Structure formats: C-alpha cells, structure tokens
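In what follows, a structure is listed as structure tokens, so that the remarks can point back to it.
The values are calculated or read from the model by the stated rules, or taken from the named source; none is laboratory data. Only a predicted model underlies this, so the values are computations on that prediction, with no experimental measurement involved. So basically every Cβ, Gly included, is an ideal-geometry build from the backbone, and we count neighbours across all protein chains shown. Note: accessible area is taken over every heavy atom of the protein model, side chains too, but ligands, DNA and RNA are not part of it. Shrake-Rupley method; radii C 1.70, N 1.55, O 1.52, S 1.80 Å.
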Amino acid sequence: QKKRVESESPKQKLKQNKMHNKLNLTLRSFKNYLVVNRGLEPITIHGYSDCMRRVLTRLGTTRPSNRKFRRYVMGMYKKEYSYSHIVNSCLAIERYGEFIHRRLKFGRPRKPKPIIKDTLSEAEVTLMLAFAKNVREKAIMAVLAYSGIRNKELCSLKVQDVDLSNNSVRVLAGKGKKDGVVCIAPECSKILTAYLEKYPRQSEDLMFTTLRHNNKYHTNDARKLLKVVARRAKIAKRVYPHLMRHSLATNLLNRGANIFTVQQQLRHSFIDTTMVYLRSNVNRIQSEYQFYAPSYA
C-alpha cells in the first residue's frame, strides 16, 4: 500500500500543476473580461480575481456546475461569514458565470446596520497634529482630518485641486468615478500653505509624493504614517485614514451640523449612508432629547 501511494504521488503532483496552470490562464482571461466587457476598476478586478482563485481551488475545477457554486455559497452562510464576504463572493461568482456564459444569480443577505465607534475626538486629532514631526506629516493628516476625503483620493490629489483662498478641495474621479468639492477649515489651508512653501511644486503636480524618489504617495504610506503618529501621541485606538473620515462626520454632528451638510461633505449619494453617524452618536441624540423633552412635572 505504501509503494502504491508513492507511485501515485508524481501523478498527483502533475495533476495539481496542470490545474494550477489552467487556473492561472483562466483567471488571466477573466481579468481581461472584467476590464473590456465590464469596465471595472482595478481594485474591484483584483478582488474578484482573488475570490475566484479561492472558490475554484476549493471546487477543484475552472468550470464548476451551478449546483457546486450554490453549495459553495450555502457553505458560507453555514459558517456565518461576514455580510461583506458573502456579498463580494456572490458578486465575483456571478461575474465569473457571465464570463463562462452561465447564468448565475444569488440572493443577498440583509445588510447589517453598523454602529460607528472609537472615532477620534477633537482633542485626539489636535494631539496627533501636534505630534507631527514636520509640516509634511501635519499637512497629510490635516487634509484627511478636515476634508474627510478617502485615502485613495488623498493620494491622487493635485495642487490645482486645492483652493486655499476659498478653503475647498476638489475631488476628481472619486469613489464611483464621481467628482465633488468639499470644504476645509482655514487652519487646514494655513498648514497646506506652509507645506507648499517648504515643498514647492507646480499646480499640475501631485500634492503629496514620497520623499526619497518623489513617487506617487501610496495608500499604505498614509496608513503607516497615521499608525506611527498615533503611537507617538500615545493614542490607544486603532488609527487609520478612513477613521479620520468617520471622526470628521462625528465631530461635525457633535457641534450641531445638519445631517445634510455632513452628507454633502462626505459626498454620499444616499442620506441613508450618512444616517449611520447619527445613529452612532449617542451624545448628540441624548443632548437633543434633553433639549426637546417635554416637561410633565
């Protein structure tokens, strides 16, 4: 029996290698399909491709039957995978079904209504800005904190997109390929003015680049910077670029901002998306309740 297992091992390896090569070729064609036929963003294509690599490897074939796909999806529900994992996996499988000329359509689980927590207070953001080592670090954090733009949008920001005289930032081809204009505080404009005096650049240049090679600033660079400065400022919370966006919305509401103002600043297409900050803001709800509560005494 041992000899038989040993003799079968090279065949098994050959079979695995063939499957691996076939999978790579199929996924390459799948990526091309997503670019040409669906016109999707690179980050979406990367996510769908990675997902289908896991699915097809698990199912052991590049052309699983619809029944196998459904069993795979059922397995995710049984293992209680997260909402986003199930939805993204179903979307990837549906797109792959289109690619292999197969009609696949899955239901969607009900989207949970999360509570935004552990945002940064005004004092904590002020502390982080104070612990910046130089004006460049301060400028990067100030743009994220005051504008609420996304990490990727920060990295694509050009000098000409910032209107310091009007305290505004223009976002081009943001999430969903949408353009928009957001506000920044005069304090942020002052920080950016000092930054551009120290690091002069042309209007068509990127606002932030790497120091060593002057390459485009990467989203990972921003994540690392905030993590380092938060540790420097002894802030125990997990600090990341998108938390600055959450914190801006929360702090605006704490100061009494209208929910529609927050929606415009964050550039949400639907007010329901912005309402999560109102639901999460217990202090705001409590203060408004106490102000408007009827007196029965």
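Remarks
- Enumeration of residues in region 91-120 that are surrounded by 10 or more Cβ atoms within 10 Å (Cβ to Cβ), over 19 Å from the mean Cα position of the chain (by Cα) and either closer than 14 Å to residue 47 by Cβ or not charged (D, E, K, R) (or both): 93, 94, 95, 96, 97, 99, 100, 104, 106, 109
- Residue within region 173-183 that is open to solvent by 80 Å² or more (accessible area, probe 1.4 Å), acidic (Asp, Glu) and either closer than 17 Å to residue 267 by Cα or modelled with pLDDT under 95 (or both) present: yes
- Helices (runs of 4 or more DSSP H) contained in region 182-297 and holding at least 1 residues under 25 Å from residue 132 (Cβ atoms): 186-198, 219-232, 241-254, 259-266
- Where residue 58 falls short, out of the listed (1) closer than 30 Å to residue 219 by Cβ; (2) under 26 Å from the mean Cα position of the chain (by Cα); (3) surrounded by fewer than 16 Cβ atoms within 10 Å (Cβ to Cβ); (4) not hydroxyl-bearing (Ser, Thr, Tyr): (2)
- Meets criteria (open to solvent by less than 30 Å² (accessible area, probe 1.4 Å) and within 30 Å of residue 40 (Cα to Cα)) for residue 144: yes
- Selected residue [open to solvent by less than 40 Å² (accessible area, probe 1.4 Å) and either of a type outside the set (D, E, K, R) or within 30 Å of residue 82 (Cα to Cα) (or both)] from 123, 132: 132
- Taking region 184-221 as the range and being touching a strand residue (DSSP E or B) at 6+ places or on another chain (Cβ under 7 Å), surrounded by 13 or more Cβ atoms within 10 Å (Cβ to Cβ) and under 20 Å from residue 242 (Cβ atoms) as the test, the residues that pass are 184, 207, 217.
- Restricting attention to region 208-230, the residues being within 15 Å of residue 144 (Cα to Cα) and either in contact with a Pro (Cβ under 8 Å, 6 or more places away or on another chain) or not β-branched (Val, Ile, Thr) (or both) number 13.
- Residue list for region 30-52, filter: part of a helix (DSSP H, G or I) and exposed (fewer than 11 other Cβ atoms within 10 Å of the Cβ): 36, 42, 43
- Residue within region 168-177 that is under 27 Å from residue 277 (Cα atoms), of a type in the set (D, E, K, R) and assigned to a helix (DSSP H, G or I) present: yes
- Of all residues in region 99-123, those that are on the phi > 0 side of the Ramachandran plot have Cβ atoms under 7 Å from Cβ atoms of residues that are open to solvent by less than 100 Å² (accessible area, probe 1.4 Å) and part of a loop (DSSP other than H, G, I, E, B), 6 or more apart or on another chain, in 118/237.
- Total residues in region 240-265, condition hydroxyl-bearing (Ser, Thr, Tyr) and either open to solvent by 80 Å² or more (accessible area, probe 1.4 Å) or over 17 Å from residue 118 (Cβ atoms) (or both): 1
Results for (1) assigned to a helix (DSSP H, G or I); (2) farther than 25 Å from residue 195 by Cβ, shown as yes or no for each residue.
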site: 84; (1), (2): yes, yes
site: 87; (1), (2): yes, yes
site: 92; (1), (2): yes, yes
site: 95; (1), (2): yes, yes
site: 105; (1), (2): no, yes
site: 110; (1), (2): no, yes
site: 116; (1), (2): no, yes
site: 123; (1), (2): yes, no
site: 128; (1), (2): yes, no
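- Tally, over region 266-297, of residues that are hydroxyl-bearing (Ser, Thr, Tyr), within 14 Å of residue 255 (Cα to Cα) and buried (at least 16 other Cβ atoms within 10 Å of the Cβ): 1
- Going through (1) open to solvent by less than 100 Å² (accessible area, probe 1.4 Å); (2) assigned to a helix (DSSP H, G or I) one by one, residue 22 falls short only on (1).
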